[in-house]
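Encoded as structure tokens, the structure appears first; notes follow it.
The numbers here are math on the coordinates, done by the rules we state, and not lab data. Here the structure is a predicted model, which means the values were calculated and not measured. Using ideal geometry, Cβ is built from the backbone for each residue, glycine included, and neighbour counts are taken over all protein chains shown.
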Amino acid sequence: MTLSQGLPLQNDGDADVVARVLGGDSGAYAILVGRYRAQFSRYAVRMLGNREDAEEALQDAFVRAYRSLARCDDPERFGSWLFRILANRCRTAGTRRGRREKTFVRDEIALLDASHDHPEDATAWREEIQRALLMLEEDQREAFLLKHVEDLGYEEMAALTGVGVSALKMRVKRACERLRALLKEVQE
Amino acid sequence: MVHDEYDPFIDEIARELRQPVTLDAQFDSRVMAAIEPAVIPIRVHQTSRRAWYRRTFAFSASQLGGMAAAAALVGVVAMSALREGAVPLRDTVRATGELQLQPVANVTRAPSTRLVQQQFIIIAPSATSMSLVGDFNDWDETRNPMRRVSEDGAWSITLPLTPGRYEYQFEIDGKIRITDPTRPQASSDFGSANSVVTVDFRE
């Protein structure tokens, strides 16, 4: 199994699990859910800003992937394929949510983070970061998370998103500039 | 040209955002429960067919509930591959924008792993696009676009489905969803009607 700081887009043995599921062992799908849940959930939470929407998008992605599993052309790269589905679900959810009033509850941030030893200041700072992140354009937020949080290279980002490398670099650059401006205000 | 340069401020932000998050402890169970009633996505090349006949039903726009959007559908004729026992057309046209569709997990697990080729047909001469949406494709209109197969506006698609019960609708021009007038209907979770087809295993 590939272990990295970033997204686990490929795991040894995924093709075997996919074959088991396609062979009728639907319970084996739980292996794939377990493999990809953790880091994909982080991406979804950061993209959508709250756990409820993130869980909904992630569950939807897993279910859609299951139902379309026979169309997964490269089971070895199930993770990449699943991530593309998740990214689309996050965009859809983000668009839908954009029509609602955006609310951000401080307690939600504390709840989201698995670490429990953060002092109040650290929690507040993370809240400000997430708030600033949500103020970015959706495509900029996506590019920033893939590049700086999930540690993907631009070529891989391009393959995942279908967007050209130059455009992705520009999105990341603008996201960084915007975040810097937003968060510098908080710090001052 | 955009160059990446190390930026300690951005790195600090990224480090915070890399903190793991926790999901509901029941998340995995919920996912597995959600897929259990679904169609088994088995990749099987062996399929079966049987002869079927077509019936033609005509209806006018006035029967479609009087929605403005339905006016464009005057003369739409629906024709479905399949079985007798069709029910009368009901007011089933709805504006897509009003729908908040979710998968209807009412497809029972098929006892067989074999796929059956199931054809869906509708005649809509004035339509410019047609999609089949149902619980077999998560009501996603992008996944099963139908093909115009005749001069008189017949649209068709054939899907390999595992035996079971499915609910579905046709989506016209990406705007309007209607039921199949040749099939029984069931109430959806949203208070509207869906067409129902039961796919049987056929030797």
**Prompt:** Could you state the per residue volume, in Å³, of the convex hull enclosing the Cα atoms of the stretch A:13-67?
**Reply:** 69
**Asked** Assuming R0 = 22 Å, what is the FRET efficiency of A:Arg84 and A:Met170, from their Cβ-Cβ distance, to the nearest 0.05?
**Response** 0.55
**Item:** Distance (nanometres) between label positions extended 7 Å along Cα→Cβ at A:Ala15 and B:Asp200
**Value:** 4.1
**Complete:** Put in order of increasing Cβ neighbours within 10 Å, starting from the fewest, A:Tyr36, A:Tyr154 give A:Tyr154, A:Tyr36
**Message:** From the phi angles alone, apply the Karplus equation (6.51, -1.76, 1.60; θ = phi - 60°) to the stretch A:124-134 and give each ³J(HN,Hα) in whole Hz, x where the residue is Gly or Pro.
**Reply:** 5, 5, 5, 4, 5, 4, 5, 5, 5, 4, 6
**Request:** Would you grab the residues whose amide H sits under 5 Å from the one on B:Met130? Only those 5+ places off in sequence or on another chain, please, with H modelled 1.01 Å from N.
**Result:** B:Met146, B:Asp173
**Item:** Cβ-derived FRET efficiency at R0 45 Å, A:Lys184 paired with A:Ala30, nearest 0.05
**Value:** 0.50
